[in-house]
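Each reported figure results from applying straightforward, stated rules to the coordinates on display, with no laboratory input. Nothing here was measured: the structure is a model prediction, and the numbers come from that model. As a convention, Cβ positions derive from the backbone with ideal geometry for all residues, glycine included, and neighbour counts pool all protein chains shown.
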Amino acid sequence: MMKWFNVGKIVNTHGVKGEVRVISATDFADERYAVGSRLRLEHDQLTDPVTVTISGHRKHKNFDLLTFDGYNNLNDVEIFKGGTLKISEDDLSDLDEGEYYYFEIIGCKVISDEGEELGVIKEILSPGANDVWVIKRKKQGEKDLLIPYIDDVVKEINIDKKQITVHLLDGLV
């Protein structure tokens, strides 16, 4: 059974020439959205997923703007709004040591280097120079914990155990 991984969500159309506005969910936007790349588009309005081939990619503000082969005007892509773009497991490239895909990190249990269980990573934000991991706290009613993905904080990542050890710098909690 082929696994598919989310690389972005189409949030709107852009202009009249078939461009779509995507909120990216990948570390590798330039690779994923390279001209000629094929992605699977899933949407509640479509009975079956559609395979799209990227014909154009550019950055605009916090979005990736994409065009697809054969979809050249606004009317062609209107139905795609709200859809999810995915890549197959076979198309994932091997990463260097110390590099991870978002799907490997999301769902990991986070513990402090003092042994306190902090919660589970539920989301990764990419606001700037480094990613920020959003940790859903263990205790009901506690606010999510935001941890920067930097060497001073993230001490050990064990993907096999789905566990990450962090050092909480002053001011993080």
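Spherically averaged projected area of the convex hull of Cα atoms, segment 93-173: 5.8 nm².
When the chain is treated as a Gaussian network with alpha carbon springs shorter than 10 Å, the biggest mean-square fluctuation among Arg38, Arg21, Arg58 belongs to Arg58.
Could you give the length gained by full extension between Ser93 and Asp76, i.e. 0.36 nm per residue of separation minus their alpha carbon distance, to one decimal place?
3.0 nm
When Val110, Val35, Val154, Val132 are ordered from fewest to most other Cβ atoms inside 10 Å of their Cβ, what list results? Working shown, then result.
Details: Val110 23, Val35 11, Val154 19, Val132 15.
The fewest-first ordering by Cβ neighbours comes to Val35, Val132, Val154, Val110.
At an R0 of 30 angstrom, the distance between the Cβ atoms of Lys155 and Asn6 translates into a FRET efficiency of 0.60. Extending 7 Å from the Cα toward the beta-carbon at both Leu168 and Asp113 defines two label points whose distance is 1.4 nm. Just to be sure I understand the curve: with the Debye formula and one point per C-alpha of segment 4-90, what is log10 I(q)/I(0) at q = 0.22 Å⁻¹? Computed log10 I(q)/I(0) values: -1.05.
Here the spin labels are modelled as points 7 Å beyond Cα on the Cα-Cβ line, and at Glu123 and His60 they lie 2.4 nm apart.
Go ahead and estimate [θ] at 222 nm for the chain from helices alone: -39,500 (n - 2.57) per DSSP H run with n ≥ 4, summed, over the residue count, rounded to 500. Display every interim value, and only then the final one.
Values: 3 runs with 12 residues, N = 173.
Calculated from helices alone, the mean residue ellipticity at 222 nm is -1000 deg cm²/dmol.
Arranged from fewest to most other beta-carbon atoms within 10 Å of their beta carbon, Asp90, Asp131, Asp113 become Asp90, Asp113, Asp131.
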